[in-house]
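Read through the structure below, which is laid out as structure tokens, and then see the notes.
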Amino acid sequence: MRQAPEERVRQRVLALMIEKLGYPKALLSVEKEIASLRRVDILCSLPWGEGLKALLLVECKAEILDLLAERQAFGYNRSVGAPFITLASQTQIKTLWMEQGRIVSVPFIPSFAELKKYGTS
């Protein structure tokens, strides 16, 4: 059975996160349902009190990453509240966050250890 291009991106990103960047499988949710029957492609959460706190929302796209993809991810994040957002396509990765009132981005996914420092402070 052939995978859709977006699913190939999602599987590639999951493998990268788990195998190379140290994200624990137990803290990753795939196709996590959020408000309004929407689904987040990948959500990494941290244990927080009696539950979990969102750390990183990942939105996967089959095509190029554009302003529309960013708006969609930020819209999803209004329900999730993750401090970091990653957009991933077949050819590009972009991780975004707010820093001193402005959006900052890097062209990669930071490691779990790097993001965990910020998520627990």
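The values are calculated or read from the model by the stated rules, or taken from the named source; none is laboratory data. All values reported here derive from a predicted model rather than from experimental measurement. Cβ coordinates were reconstructed from backbone atoms using ideal geometry, including for glycine residues, and neighbour counts include every protein chain displayed.
Screening the stretch 43-56 for residues that are out of contact with any Gly (no Cβ under 6 Å at 6 or more places or on another chain), surrounded by fewer than 22 Cβ atoms within 10 Å (Cβ to Cβ) and not acidic (Asp, Glu) and picking the one that is farthest from Gln90 (Cα to Cα) gives Gly49. Can you spot a residue in the stretch 57-70 that is closer than 19 Å to Trp97 by Cα, acidic (Asp, Glu) and either part of a helix (DSSP H, G or I) or in contact with a Gly (Cβ under 7 Å, 6 or more places away or on another chain) (or both)? Yes, because at least one residue in the stretch 57-70 is closer than 19 Å to Trp97 by Cα, acidic (Asp, Glu) and either part of a helix (DSSP H, G or I) or in contact with a Gly (Cβ under 7 Å, 6 or more places away or on another chain) (or both). Might you check whether a residue that is among the hydroxyl-bearing types (Ser, Thr, Tyr), under 12 Å from the mean Cα position of the chain (by Cα), modelled with pLDDT under 95 and crowded, with 19+ Cβ neighbours inside 10 Å occurs anywhere in the stretch 85-108? No: zero hits.
I'd like the full set of residues that are of a type in the set (A, V, I, L, M) and surrounded by 11 or more Cβ atoms within 10 Å (Cβ to Cβ), limited to the stretch 109-121. Hits for the stretch 109-121 are Ile109, Leu115.
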